[in-house]
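> Take this structure, written in structure tokens, and hold onto it; I'll ask about it next.
The values are calculated or read from the model by the stated rules, or taken from the named source; none is laboratory data. Because the structure is a prediction, the values reported are computed rather than measured. Note that we place each Cβ from the backbone using ideal geometry, even for glycine, and neighbour counts take in every protein chain shown. Surface areas here come from the heavy atoms of the whole protein model, side chains and all, with no ligands, DNA or RNA. Shrake-Rupley method; radii C 1.70, N 1.55, O 1.52, S 1.80 Å.
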Amino acid sequence: MEPKYIVAIEIGSSKIKGAIGLVGKDAPLEIIAVEEHDFIDGVRYGCIQNVEDVKQCVSSVISALEANVKVAPQKIKGVYVSLGGRSTMSLKRVIEKTFDEETEITRDIIDNLINQAYQEAPTDIDVVDIISLGYTVDNITPQNPIGTFGHSLKTTLNYITCRPQIMKNINRVIEERLPLDINGFIVRQIALSNLILTSDEKKLGCMLVDFGAETTSVSIHKAGALQYMATIPLGSRNIT
């Protein structure tokens, strides 16, 4: 596998950040360039208010990354975008599937259950990600359901959601005006938990708090999974 460049953009209420990482076949991710521009008025509570102003700032960040000696003369064509903001939260839902006879639980059955969860998701909000809190086969809760047999399969899921306007305005900036491909949305609080928390902390239980300029994100982890997430519309600008 040839080295691959990964570009990430974070649009916050006080600044816009960009980074480029290099991934090799057997090497960990290496950050080779980081750019950060202060930006105050175009984003409120994590939601883009002025699309044109944000586009100009993101464009400046992209140009600065491309000018880095380790990147030039290559051009950025697609980015991963960090997602957060006032309305980002988790929403629990139980999904269950029953079988006429005892059935082996396979990866396809698990994937179909997750697809069903996406199809039955609320229509008035955007579902960014779905996280399973564990599976129950009949009355047993196995560590790994694949390969077990039973008459029913049930899982409790956490929908990670946000207001449609957040993703809509990000698309307007990145894909319509720059234009760049959006390779994917990464929920900021989940990325932070994967970076900061150990597996033991996630299993035993802990709370992770991320203070931003206008919002504070809180997530609770236990039994190795994200149990709860909410975003509070208060940040460092409210602290004198």
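> Looking at (1) among the polar types (S, T, N, Q); (2) under 25 Å from the mean Cα position of the chain (by Cα); (3) under 20 Å from residue 223 (Cβ atoms); (4) not in a loop (DSSP other than H, G, I, E, B), can you tell me which one residue 136 breaks?
Of the numbered conditions (1) among the polar types (S, T, N, Q); (2) under 25 Å from the mean Cα position of the chain (by Cα); (3) under 20 Å from residue 223 (Cβ atoms); (4) not in a loop (DSSP other than H, G, I, E, B), the odd one out for residue 136 is (2).
> Out of all the residues in the range 148-162, is one or more over 19 Å from the mean Cα position of the chain (by Cα) and free of Cβ contacts under 8 Å to residues at least 40 places away in the same chain?
The answer is no, given that none of the residues of the range 148-162 is over 19 Å from the mean Cα position of the chain (by Cα) and free of Cβ contacts under 8 Å to residues at least 40 places away in the same chain.
> Separate question: Taking the range 45-76 on its own, how many of its residues are among the basic types (Lys, Arg) and either within 19 Å of the chain's Cα centre (by Cα) or open to solvent by less than 50 Å² (accessible area, probe 1.4 Å) (or both)? Spell out how you get there, then give the answer.
Filtering the range 45-76 for residues among the basic types (Lys, Arg) gives 55, 70, 75.
After this cut, where a residue has to be either within 19 Å of the chain's Cα centre (by Cα) or open to solvent by less than 50 Å² (accessible area, probe 1.4 Å) (or both) as well, the list is 55.
Qualifying residue count for the region: 1.
> Would you tally the residues in the range 57-110 being free of Cβ contacts under 8 Å to residues at least 40 places away in the same chain, more than 30 Å from residue 8 (Cβ to Cβ) and part of a loop (DSSP other than H, G, I, E, B)?
Going through the range 57-110 one residue at a time, the tally reaches 0.
> From the list 190, 186, 130, which residue is within 23 Å of residue 208 (Cα to Cα), open to solvent by 60 Å² or more (accessible area, probe 1.4 Å) and either touching a Lys or Arg at 6+ places or on another chain (Cβ under 7 Å) or in contact (Cβ under 8 Å) with a residue 12 or more places away in the chain (or both)? Explain how you work it out, then say what you get.
Numbers: 190 fails: open to solvent by 60 Å² or more (accessible area, probe 1.4 Å); 130 fails: open to solvent by 60 Å² or more (accessible area, probe 1.4 Å).
Just a single option satisfies the conditions, and that option is 186.
> On to the next question. For the condition more than 19 Å from residue 87 (Cβ to Cβ) and of a type in the set (Gly, Ala, Ser), what is the one hit in 121, 213, 191, 117? Steps first, please.
On the way: 121 fails: more than 19 Å from residue 87 (Cβ to Cβ); 213 fails: more than 19 Å from residue 87 (Cβ to Cβ); 191 fails: more than 19 Å from residue 87 (Cβ to Cβ).
One residue alone meets the criteria, 117.
> Can I ask one more? For residue 79, indicate whether it is under 30 Å from residue 37 (Cα atoms) and either open to solvent by less than 20 Å² (accessible area, probe 1.4 Å) or at pLDDT 90 or above (or both). Full working, then the answer.
Working: under 30 Å from residue 37 (Cα atoms): yes; either open to solvent by less than 20 Å² (accessible area, probe 1.4 Å) or at pLDDT 90 or above (or both): yes.
So residue 79 fits the description; yes.
> Further question on the same structure: Tell me which residues, restricted to the range 198-232, are over 25 Å from residue 93 (Cα atoms), outside any strand (DSSP E or B) and not charged (D, E, K, R).
198, 212, 213, 215
> Given the residues 142, 164, which is the only one that is modelled with pLDDT under 95, within 20 Å of residue 96 (Cβ to Cβ) and loosely packed, with under 15 Cβ neighbours inside 10 Å?
Working: 164 fails: within 20 Å of residue 96 (Cβ to Cβ).
After ruling out the rest, the residue left standing is 142.
> Go through the range 32-56 and report how many residues are assigned to a strand (DSSP E or B) and under 20 Å from residue 83 (Cα atoms). Don't jump to the end; show me each part of the working.
In the first step, residues of the range 32-56 are kept if they are assigned to a strand (DSSP E or B); the result is 32-38, 43-44, 47-48.
Checking the rest, the ones that are also under 20 Å from residue 83 (Cα atoms) come to 34-38, 43-44, 47-48.
Adding up the residues that qualify gives 9.
> Take residue 101 and tell me if it is open to solvent by 80 Å² or more (accessible area, probe 1.4 Å), modelled with pLDDT of 90 or more and on the phi < 0 side of the Ramachandran plot.
Values: open to solvent by 80 Å² or more (accessible area, probe 1.4 Å): yes; modelled with pLDDT of 90 or more: yes; on the phi < 0 side of the Ramachandran plot: yes.
Taking the combined requirement at face value, the residue satisfies it.
> Looking at this structure, is residue 218 modelled with pLDDT under 95 and in contact with a helix residue (DSSP H, G or I) (Cβ under 9 Å, 6 or more places away or on another chain)?
Details: modelled with pLDDT under 95: no; in contact with a helix residue (DSSP H, G or I) (Cβ under 9 Å, 6 or more places away or on another chain): yes.
No.
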